[in-house]
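Comments concern the structure below.
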Amino acid sequence: MAAVLLSRVGAPTASAAPAASPAFQQDTATYGCVICHADKRRAFQLGAHAERGIRCDNCHGGNPRAFEVRTAHVGRFVGRPTKIGVAQLCASCHSDPDRMRQYGLPAGQLAELRTSRHGRLLFAGNTDVPTCTDCHDAHTILPPEDARSNVYPINIPATCARCHENRPLMAKYGLATGQLAELRSGAHGTALFEHRNFAAPTCIGCHGSHAALPPRVAEIVHVCDRCHAELGRALYGGPHGRPALSGRLPGCLGCHTNHATERVPPDRIAATCTRCHQPESPAAQRGVEIQQRVVQAAEDLRAAGTAIEELVRAGRPVTDERFRYQTALTSFQQIAEVQHSLDLEVLDDLALRVGSISRTIRSTEETAAEQRWEHQLILIPVWFLVLSAVVLVRFKLSELRRQGE
(Lines give C-alpha, C1' and ligand atoms only; values in the text may rest on other atoms or scores of the structure.)
Protein backbone atom coordinates (compact mmCIF):
# COMPACT_ATOMS: atom_id res chain seq x y z
CA MET A 1 0.00 0.00 0.00
CA ALA A 2 2.81 2.41 0.90
CA ALA A 3 4.53 1.73 -2.44
CA VAL A 4 1.28 2.52 -4.30
CA LEU A 5 0.99 5.79 -2.39
CA LEU A 6 4.54 6.68 -3.30
CA SER A 7 3.95 6.04 -6.96
CA ARG A 8 1.06 8.50 -6.87
CA VAL A 9 3.31 11.35 -5.77
CA GLY A 10 6.15 10.33 -8.07
CA ALA A 11 8.58 9.39 -5.29
CA PRO A 12 10.82 6.34 -5.60
CA THR A 13 10.07 3.32 -3.48
CA ALA A 14 12.63 1.52 -1.37
CA SER A 15 11.66 -1.85 -2.80
CA ALA A 16 15.10 -2.16 -4.32
CA ALA A 17 16.78 -1.83 -0.93
CA PRO A 18 18.48 -5.07 0.06
CA ALA A 19 17.02 -6.91 3.02
CA ALA A 20 20.51 -7.38 4.41
CA SER A 21 23.82 -6.19 3.05
CA PRO A 22 27.25 -5.04 4.25
CA ALA A 23 27.75 -1.60 5.77
CA PHE A 24 27.44 1.41 3.50
CA GLN A 25 30.59 1.52 1.41
CA GLN A 26 30.22 4.02 -1.41
CA ASP A 27 33.19 4.15 -3.74
CA THR A 28 33.61 7.49 -5.49
CA ALA A 29 34.90 5.61 -8.53
CA THR A 30 31.63 3.74 -9.01
CA TYR A 31 28.97 5.67 -7.09
CA GLY A 32 28.28 9.07 -8.57
CA CYS A 33 26.03 10.53 -5.86
CA VAL A 34 28.93 11.20 -3.51
CA ILE A 35 30.81 13.28 -6.08
CA CYS A 36 28.45 16.19 -5.48
CA HIS A 37 26.93 15.19 -2.13
CA ALA A 38 29.96 14.36 0.00
CA ASP A 39 28.45 16.15 3.01
CA LYS A 40 25.34 13.99 2.82
CA ARG A 41 27.49 10.90 2.57
CA ARG A 42 29.33 11.74 5.80
CA ALA A 43 26.06 12.43 7.61
CA PHE A 44 24.43 9.28 6.25
CA GLN A 45 27.31 7.02 7.24
CA LEU A 46 26.71 7.91 10.92
CA GLY A 47 23.17 6.53 10.87
CA ALA A 48 21.48 3.19 11.17
CA HIS A 49 20.39 3.01 7.52
CA ALA A 50 23.98 2.96 6.28
CA GLU A 51 24.65 -0.06 8.48
CA ARG A 52 21.75 -1.87 6.81
CA GLY A 53 23.01 -1.29 3.28
CA ILE A 54 20.52 1.43 2.29
CA ARG A 55 21.89 3.71 -0.46
CA CYS A 56 21.03 7.14 -1.83
CA ASP A 57 19.09 5.81 -4.82
CA ASN A 58 16.91 3.61 -2.61
CA CYS A 59 15.24 6.80 -1.36
CA HIS A 60 15.94 9.36 -4.09
CA GLY A 61 15.92 7.24 -7.24
CA GLY A 62 18.01 8.29 -10.24
CA ASN A 63 21.08 6.60 -11.66
CA PRO A 64 23.87 6.32 -9.07
CA ARG A 65 26.32 5.04 -11.70
CA ALA A 66 26.23 8.31 -13.61
CA PHE A 67 28.71 11.11 -12.91
CA GLU A 68 26.86 14.04 -14.47
CA VAL A 69 23.73 15.71 -13.15
CA ARG A 70 21.90 15.31 -16.45
CA THR A 71 22.35 11.56 -16.52
CA ALA A 72 22.20 10.99 -12.74
CA HIS A 73 18.91 12.81 -12.12
CA VAL A 74 16.83 10.72 -14.47
CA GLY A 75 13.70 8.62 -14.30
CA ARG A 76 11.82 8.85 -11.03
CA PHE A 77 14.50 10.90 -9.27
CA VAL A 78 13.28 13.04 -6.36
CA GLY A 79 15.86 15.35 -4.83
CA ARG A 80 13.77 16.79 -2.02
CA PRO A 81 10.53 14.90 -1.32
CA THR A 82 7.52 16.78 -0.05
CA LYS A 83 6.55 16.32 3.58
CA ILE A 84 3.83 13.87 2.57
CA GLY A 85 6.29 12.18 0.23
CA VAL A 86 8.77 11.75 3.09
CA ALA A 87 6.16 10.03 5.27
CA GLN A 88 5.16 7.71 2.45
CA LEU A 89 8.77 7.03 1.48
CA CYS A 90 9.70 6.06 5.03
CA ALA A 91 6.56 3.92 5.24
CA SER A 92 7.53 1.98 2.11
CA CYS A 93 9.95 0.10 4.39
CA HIS A 94 8.68 0.85 7.89
CA SER A 95 5.12 -0.27 7.14
CA ASP A 96 6.31 -3.68 5.99
CA PRO A 97 6.02 -6.05 8.99
CA ASP A 98 8.11 -8.71 7.28
CA ARG A 99 10.99 -6.28 6.72
CA MET A 100 10.78 -4.68 10.17
CA ARG A 101 10.47 -7.95 12.07
CA GLN A 102 14.16 -8.76 11.80
CA TYR A 103 15.07 -5.47 13.49
CA GLY A 104 12.42 -5.72 16.21
CA LEU A 105 10.74 -2.54 14.95
CA PRO A 106 6.98 -1.83 14.78
CA ALA A 107 5.35 -1.43 11.40
CA GLY A 108 2.39 0.80 12.16
CA GLN A 109 3.93 4.27 12.40
CA LEU A 110 2.26 5.65 9.27
CA ALA A 111 -1.17 4.46 10.43
CA GLU A 112 -0.48 6.00 13.84
CA LEU A 113 0.69 9.25 12.25
CA ARG A 114 -2.57 9.50 10.32
CA THR A 115 -4.54 9.37 13.60
CA SER A 116 -2.52 12.19 15.18
CA ARG A 117 -3.13 15.91 14.96
CA HIS A 118 0.17 16.20 13.10
CA GLY A 119 -0.81 13.56 10.56
CA ARG A 120 -4.31 14.88 9.96
CA LEU A 121 -2.94 18.32 9.16
CA LEU A 122 -0.05 16.90 7.14
CA PHE A 123 -2.20 14.79 4.83
CA ALA A 124 -4.60 17.72 4.46
CA GLY A 125 -1.70 19.65 2.92
CA ASN A 126 -0.48 21.65 5.93
CA THR A 127 3.30 22.11 5.74
CA ASP A 128 3.66 23.62 9.23
CA VAL A 129 3.44 20.23 10.91
CA PRO A 130 6.39 17.84 11.17
CA THR A 131 7.04 14.82 9.03
CA CYS A 132 9.38 11.90 9.81
CA THR A 133 12.61 13.75 9.04
CA ASP A 134 11.74 16.71 11.26
CA CYS A 135 12.08 14.48 14.31
CA HIS A 136 14.47 11.77 13.09
CA ASP A 137 16.68 13.79 10.68
CA ALA A 138 16.85 13.00 6.99
CA HIS A 139 20.23 11.29 6.70
CA THR A 140 21.77 10.75 10.15
CA ILE A 141 19.04 8.51 11.47
CA LEU A 142 20.07 7.17 14.86
CA PRO A 143 18.32 4.59 17.07
CA PRO A 144 16.50 5.92 20.16
CA GLU A 145 19.08 4.41 22.53
CA ASP A 146 21.87 6.49 20.94
CA ALA A 147 22.47 9.61 23.08
CA ARG A 148 23.03 11.65 19.90
CA SER A 149 19.56 10.82 18.59
CA ASN A 150 16.81 13.43 18.52
CA VAL A 151 14.54 10.83 20.12
CA TYR A 152 16.88 9.79 22.93
CA PRO A 153 14.75 10.26 26.09
CA ILE A 154 16.57 13.36 27.35
CA ASN A 155 16.50 14.91 23.86
CA ILE A 156 12.80 14.34 23.14
CA PRO A 157 11.52 17.48 24.94
CA ALA A 158 13.94 19.69 22.98
CA THR A 159 12.91 17.97 19.74
CA CYS A 160 9.24 18.73 20.42
CA ALA A 161 10.14 22.24 21.55
CA ARG A 162 11.54 23.12 18.10
CA CYS A 163 7.95 23.70 17.07
CA HIS A 164 6.10 23.99 20.36
CA GLU A 165 8.35 26.79 21.66
CA ASN A 166 7.94 28.72 18.39
CA ARG A 167 5.49 31.42 19.48
CA PRO A 168 4.47 32.73 16.05
CA LEU A 169 3.87 29.19 14.81
CA MET A 170 1.89 28.13 17.89
CA ALA A 171 -0.13 31.36 17.83
CA LYS A 172 -1.54 30.31 14.45
CA TYR A 173 -3.18 27.31 16.14
CA GLY A 174 -4.05 28.88 19.48
CA LEU A 175 -1.48 26.77 21.35
CA ALA A 176 0.56 27.87 24.34
CA THR A 177 4.34 27.78 24.62
CA GLY A 178 6.55 27.34 27.68
CA GLN A 179 5.90 23.64 28.22
CA LEU A 180 9.61 22.77 28.18
CA ALA A 181 10.38 25.14 31.06
CA GLU A 182 7.36 23.80 32.96
CA LEU A 183 8.51 20.21 32.42
CA ARG A 184 12.01 20.99 33.69
CA SER A 185 10.57 22.57 36.86
CA GLY A 186 8.30 19.64 37.73
CA ALA A 187 8.74 16.23 39.33
CA HIS A 188 8.96 14.45 35.98
CA GLY A 189 11.53 16.87 34.60
CA THR A 190 13.66 16.67 37.73
CA ALA A 191 13.68 12.88 37.54
CA LEU A 192 14.51 12.92 33.83
CA PHE A 193 17.07 15.71 33.51
CA GLU A 194 18.72 15.74 36.94
CA HIS A 195 18.53 12.10 37.99
CA ARG A 196 18.65 10.57 34.49
CA ASN A 197 15.65 8.41 35.38
CA PHE A 198 14.42 7.23 31.99
CA ALA A 199 11.31 5.76 33.58
CA ALA A 200 10.10 9.34 33.96
CA PRO A 201 7.83 10.38 31.09
CA THR A 202 8.93 12.68 28.31
CA CYS A 203 6.44 14.36 25.96
CA ILE A 204 5.71 11.09 24.17
CA GLY A 205 5.04 9.29 27.46
CA CYS A 206 1.74 11.17 27.79
CA HIS A 207 1.01 12.34 24.23
CA GLY A 208 2.36 9.46 22.17
CA SER A 209 5.01 9.74 19.46
CA HIS A 210 3.69 9.03 15.98
CA ALA A 211 0.08 9.17 17.18
CA ALA A 212 0.69 12.39 19.13
CA LEU A 213 -2.49 13.77 20.66
CA PRO A 214 -3.30 15.44 23.98
CA PRO A 215 -5.26 13.07 26.26
CA ARG A 216 -8.98 13.77 26.46
CA VAL A 217 -10.35 14.64 29.90
CA ALA A 218 -11.70 11.14 30.55
CA GLU A 219 -8.37 9.62 29.46
CA ILE A 220 -6.10 11.57 31.81
CA VAL A 221 -6.35 9.15 34.74
CA HIS A 222 -5.52 6.23 32.44
CA VAL A 223 -2.47 8.04 31.08
CA CYS A 224 -1.20 8.80 34.58
CA ASP A 225 -1.89 5.39 36.09
CA ARG A 226 0.28 3.68 33.51
CA CYS A 227 3.11 4.73 35.83
CA HIS A 228 1.21 5.60 39.02
CA ALA A 229 -0.81 2.39 39.27
CA GLU A 230 -1.33 2.44 43.05
CA LEU A 231 -2.41 6.08 42.99
CA GLY A 232 -4.83 5.26 40.19
CA ARG A 233 -6.40 2.41 42.14
CA ALA A 234 -6.79 4.65 45.18
CA LEU A 235 -8.41 7.36 43.06
CA TYR A 236 -10.84 4.90 41.44
CA GLY A 237 -11.91 3.69 44.88
CA GLY A 238 -12.70 7.18 46.18
CA PRO A 239 -15.43 9.71 45.46
CA HIS A 240 -13.40 11.34 42.66
CA GLY A 241 -13.03 8.10 40.70
CA ARG A 242 -16.30 7.91 38.78
CA PRO A 243 -16.43 11.61 37.88
CA ALA A 244 -12.84 11.43 36.62
CA LEU A 245 -13.45 8.32 34.51
CA SER A 246 -16.59 9.86 33.01
CA GLY A 247 -14.83 13.11 32.16
CA ARG A 248 -16.83 15.24 34.60
CA LEU A 249 -13.61 15.95 36.50
CA PRO A 250 -10.18 16.54 34.92
CA GLY A 251 -8.75 13.54 36.74
CA CYS A 252 -5.25 14.06 38.11
CA LEU A 253 -5.16 17.58 36.68
CA GLY A 254 -7.73 18.64 39.24
CA CYS A 255 -4.93 18.80 41.83
CA HIS A 256 -1.73 18.65 39.75
CA THR A 257 -0.71 20.54 36.63
CA ASN A 258 0.14 18.70 33.45
CA HIS A 259 3.63 19.71 32.35
CA ALA A 260 4.94 21.08 35.66
CA THR A 261 3.49 18.09 37.55
CA GLU A 262 4.21 19.43 41.02
CA ARG A 263 3.75 17.48 44.22
CA VAL A 264 1.15 18.98 46.55
CA PRO A 265 2.96 19.80 49.85
CA PRO A 266 1.31 18.34 52.97
CA ASP A 267 0.40 21.82 54.27
CA ARG A 268 -1.33 22.74 50.98
CA ILE A 269 -3.75 19.82 50.75
CA ALA A 270 -6.72 21.68 52.22
CA ALA A 271 -6.09 24.72 50.03
CA THR A 272 -5.98 22.45 46.98
CA CYS A 273 -9.39 21.05 47.88
CA THR A 274 -10.91 24.54 47.95
CA ARG A 275 -10.11 25.00 44.26
CA CYS A 276 -13.31 23.06 43.61
CA HIS A 277 -15.10 22.88 46.99
CA GLN A 278 -16.47 25.70 49.11
CA PRO A 279 -14.25 26.29 52.19
CA GLU A 280 -17.03 25.39 54.68
CA SER A 281 -18.31 22.36 52.77
CA PRO A 282 -18.00 18.77 54.09
CA ALA A 283 -15.64 17.96 51.21
CA ALA A 284 -13.34 20.85 52.15
CA GLN A 285 -13.47 19.75 55.80
CA ARG A 286 -12.38 16.29 54.70
CA GLY A 287 -9.40 17.95 53.06
CA VAL A 288 -8.52 19.67 56.35
CA GLU A 289 -8.68 16.36 58.19
CA ILE A 290 -6.48 14.66 55.59
CA GLN A 291 -3.98 17.51 55.78
CA GLN A 292 -3.78 17.23 59.57
CA ARG A 293 -2.91 13.56 59.35
CA VAL A 294 -0.39 13.96 56.55
CA VAL A 295 1.31 16.95 58.22
CA GLN A 296 1.58 15.07 61.51
CA ALA A 297 3.00 11.99 59.79
CA ALA A 298 5.52 14.15 57.94
CA GLU A 299 6.60 15.80 61.21
CA ASP A 300 6.91 12.39 62.91
CA LEU A 301 9.06 11.13 60.06
CA ARG A 302 11.26 14.24 60.19
CA ALA A 303 11.69 13.91 63.95
CA ALA A 304 12.70 10.26 63.58
CA GLY A 305 15.33 11.21 61.01
CA THR A 306 16.70 13.93 63.33
CA ALA A 307 16.90 11.44 66.21
CA ILE A 308 18.92 9.02 64.09
CA GLU A 309 21.33 11.82 63.17
CA GLU A 310 21.81 12.59 66.87
CA LEU A 311 22.54 8.93 67.61
CA VAL A 312 25.11 8.87 64.81
CA ARG A 313 26.81 11.98 66.21
CA ALA A 314 26.92 10.32 69.63
CA GLY A 315 28.67 7.30 68.15
CA ARG A 316 25.75 4.94 68.83
CA PRO A 317 24.88 2.00 66.51
CA VAL A 318 21.78 2.84 64.47
CA THR A 319 21.20 -0.28 62.35
CA ASP A 320 17.89 -1.12 64.05
CA GLU A 321 16.75 2.50 64.00
CA ARG A 322 17.46 2.84 60.29
CA PHE A 323 15.47 -0.30 59.60
CA ARG A 324 12.54 1.07 61.62
CA TYR A 325 12.84 4.38 59.80
CA GLN A 326 12.55 2.65 56.41
CA THR A 327 9.39 0.94 57.63
CA ALA A 328 7.99 4.32 58.66
CA LEU A 329 9.01 5.81 55.32
CA THR A 330 7.16 3.04 53.48
CA SER A 331 4.03 3.75 55.50
CA PHE A 332 4.38 7.47 54.80
CA GLN A 333 4.65 6.79 51.06
CA GLN A 334 1.51 4.69 51.32
CA ILE A 335 -0.20 7.71 52.88
CA ALA A 336 0.59 9.64 49.69
CA GLU A 337 -1.22 6.93 47.75
CA VAL A 338 -4.18 6.39 50.09
CA GLN A 339 -4.96 10.12 50.42
CA HIS A 340 -6.22 9.97 46.82
CA SER A 341 -9.02 7.68 48.04
CA LEU A 342 -9.93 10.17 50.84
CA ASP A 343 -10.24 7.17 53.21
CA LEU A 344 -9.63 8.59 56.69
CA GLU A 345 -9.71 5.21 58.39
CA VAL A 346 -6.81 3.84 56.36
CA LEU A 347 -4.97 7.15 56.67
CA ASP A 348 -5.34 7.00 60.46
CA ASP A 349 -3.87 3.52 60.55
CA LEU A 350 -0.85 4.50 58.45
CA ALA A 351 -0.29 7.78 60.31
CA LEU A 352 -0.42 5.96 63.67
CA ARG A 353 2.13 3.47 62.39
CA VAL A 354 4.50 6.27 61.38
CA GLY A 355 3.97 8.01 64.72
CA SER A 356 4.58 4.83 66.71
CA ILE A 357 7.86 4.07 64.95
CA SER A 358 8.95 7.69 65.31
CA ARG A 359 8.31 7.61 69.06
CA THR A 360 10.33 4.41 69.40
CA ILE A 361 13.31 5.94 67.59
CA ARG A 362 13.06 9.19 69.53
CA SER A 363 12.82 7.27 72.80
CA THR A 364 16.05 5.47 71.96
CA GLU A 365 17.74 8.81 71.26
CA GLU A 366 16.36 10.36 74.48
CA THR A 367 17.63 7.42 76.52
CA ALA A 368 21.04 7.76 74.91
CA ALA A 369 21.02 11.50 75.67
CA GLU A 370 20.15 10.84 79.32
CA GLN A 371 22.96 8.32 79.55
CA ARG A 372 25.37 10.86 78.13
CA TRP A 373 24.24 13.39 80.74
CA GLU A 374 24.59 10.83 83.53
CA HIS A 375 28.10 10.05 82.37
CA GLN A 376 28.88 13.73 82.44
CA LEU A 377 27.53 14.00 86.01
CA ILE A 378 29.65 11.04 87.10
CA LEU A 379 32.72 12.68 85.61
CA ILE A 380 32.29 15.84 87.75
CA PRO A 381 33.50 14.27 91.06
CA VAL A 382 36.14 12.32 89.19
CA TRP A 383 37.54 15.50 87.71
CA PHE A 384 37.27 17.18 91.11
CA LEU A 385 39.30 14.43 92.71
CA VAL A 386 41.88 14.56 89.94
CA LEU A 387 42.18 18.31 90.26
CA SER A 388 42.47 18.06 94.03
CA ALA A 389 45.21 15.48 93.70
CA VAL A 390 47.13 17.72 91.31
CA VAL A 391 46.83 20.67 93.66
CA LEU A 392 47.95 18.53 96.63
CA VAL A 393 50.95 17.19 94.71
CA ARG A 394 52.01 20.69 93.73
CA PHE A 395 51.63 21.86 97.31
CA LYS A 396 53.81 18.99 98.58
CA LEU A 397 56.45 19.66 95.96
CA SER A 398 56.56 23.32 96.87
CA GLU A 399 56.93 22.41 100.58
CA LEU A 400 59.76 19.98 99.82
CA ARG A 401 61.60 22.67 97.84
CA ARG A 402 61.36 25.10 100.74
CA GLN A 403 62.69 22.49 103.15
CA GLY A 404 65.61 21.74 100.83
CA GLU A 405 66.60 25.37 100.74
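The values are calculated or read from the model by the stated rules, or taken from the named source; none is laboratory data. This one's a predicted model, so the numbers in the text were calculated from it and none came from an experiment. Ideal geometry is used to build each Cβ from the backbone, glycine not excepted, and the neighbour counts take in all protein chains shown.
Quick one: which helices (runs of 4 or more DSSP H) sit completely within the range 217-266 and have at least 1 residues that are closer than 24 Å to Ala298 by Cα? Steps first, please.
Values: elements: 220-224, 229-237, 241-246.
Those helices (runs of 4 or more DSSP H) span 229-237.
If the requirement is being buried (at least 18 other Cβ atoms within 10 Å of the Cβ) and among the hydroxyl-bearing types (Ser, Thr, Tyr), which of these qualifies: Thr127, Thr140, Thr133, Thr177?
Working: Thr127 fails: buried (at least 18 other Cβ atoms within 10 Å of the Cβ); Thr133 fails: buried (at least 18 other Cβ atoms within 10 Å of the Cβ); Thr177 fails: buried (at least 18 other Cβ atoms within 10 Å of the Cβ).
Residue meeting the stated conditions: Thr140.
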When Gly205 is evaluated against the numbered criteria (1) in contact with a Gly (Cβ under 7 Å, 6 or more places away or on another chain); (2) without any contact (Cβ under 8 Å) to a residue 40 or more places away in the chain, which criterion, by number, is the only one it fails?
(1)
Anything in the range 234-262 that is surrounded by fewer than 18 Cβ atoms within 10 Å (Cβ to Cβ) and farther than 30 Å from Leu180 by Cβ? List them, or say none.
Tyr236, Gly237, Gly238, Pro239, Arg242, Pro243, Leu245, Ser246, Arg248
Checking His375 against (1) surrounded by 10 or more Cβ atoms within 10 Å (Cβ to Cβ); (2) of a type outside the set (Asp, Glu); (3) at pLDDT below 95: exactly one of these is not met. Which one?
(1)
Does the range 123-159 hold any residues that are hydroxyl-bearing (Ser, Thr, Tyr), without any contact (Cβ under 8 Å) to a residue 40 or more places away in the chain and touching a Phe, Trp or Tyr at 6+ places or on another chain (Cβ under 8 Å), and which are they?
none
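Which of the residues belonging to the range 295-322 are of a type in the set (A, V, I, L, M, F, W, C) and either in contact (Cβ under 8 Å) with a residue 60 or more places away in the chain or part of a helix (DSSP H, G or I) (or both)? Step through it out loud before you land on a result.
As a first pass, look at the range 295-322 and keep what is of a type in the set (A, V, I, L, M, F, W, C): 295, 297-298, 301, 303-304, 307-308, 311-312, 314, 318.
Scanning the range 295-322 gives Val295, Ala297, Ala298, Leu301, Ala303, Ala304, Ala307, Ile308, Leu311, Val312.
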Name every residue in the range 206-220 that is touching a helix residue (DSSP H, G or I) at 6+ places or on another chain (Cβ under 9 Å) and farther than 18 Å from Ala260 by Cβ, in order of residue number.
Gly208, Ser209, His210, Ala211, Ala212, Leu213, Val217, Ala218, Glu219
Conditions (1) assigned by TED's automatic domain parsing to the domain that holds Thr360; (2) in a loop (DSSP other than H, G, I, E, B); (3) under 30 Å from the mean Cα position of the chain (by Cα); number of the one not met by Cys276:
(1)
Checked Ile84, Ile154 against criteria (surrounded by 15 or more Cβ atoms within 10 Å (Cβ to Cβ) and modelled with pLDDT of 95 or more); the one match is Ile84
What's the number of the condition Gly47 fails, among (1) at pLDDT 95 or above; (2) in contact with a Ser or Thr (Cβ under 8 Å, 6 or more places away or on another chain); (3) buried (at least 20 other Cβ atoms within 10 Å of the Cβ)?
(1)
Would you tally the residues in the range 205-233 being surrounded by 18 or more Cβ atoms within 10 Å (Cβ to Cβ), under 20 Å from Ala176 (Cβ atoms) and either in contact with a Ser or Thr (Cβ under 7 Å, 6 or more places away or on another chain) or aliphatic (A, V, I, L, M) (or both)?
3
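Would you mind finding the one in His73, His60, His49 that is farther than 29 Å from Glu112 by Cβ and in the same structural domain as Leu113 (by TED's automatic domain parsing)?
Going through His73, His60, His49 in turn, just one is farther than 29 Å from Glu112 by Cβ and in the same structural domain as Leu113 (by TED's automatic domain parsing): His73.
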Considering only residues of the range 328-350 that are over 27 Å from Leu253 (Cβ atoms) and touching a helix residue (DSSP H, G or I) at 6+ places or on another chain (Cβ under 6 Å), which is surrounded by the most Cβ atoms within 10 Å (Cβ to Cβ)?
Ala328
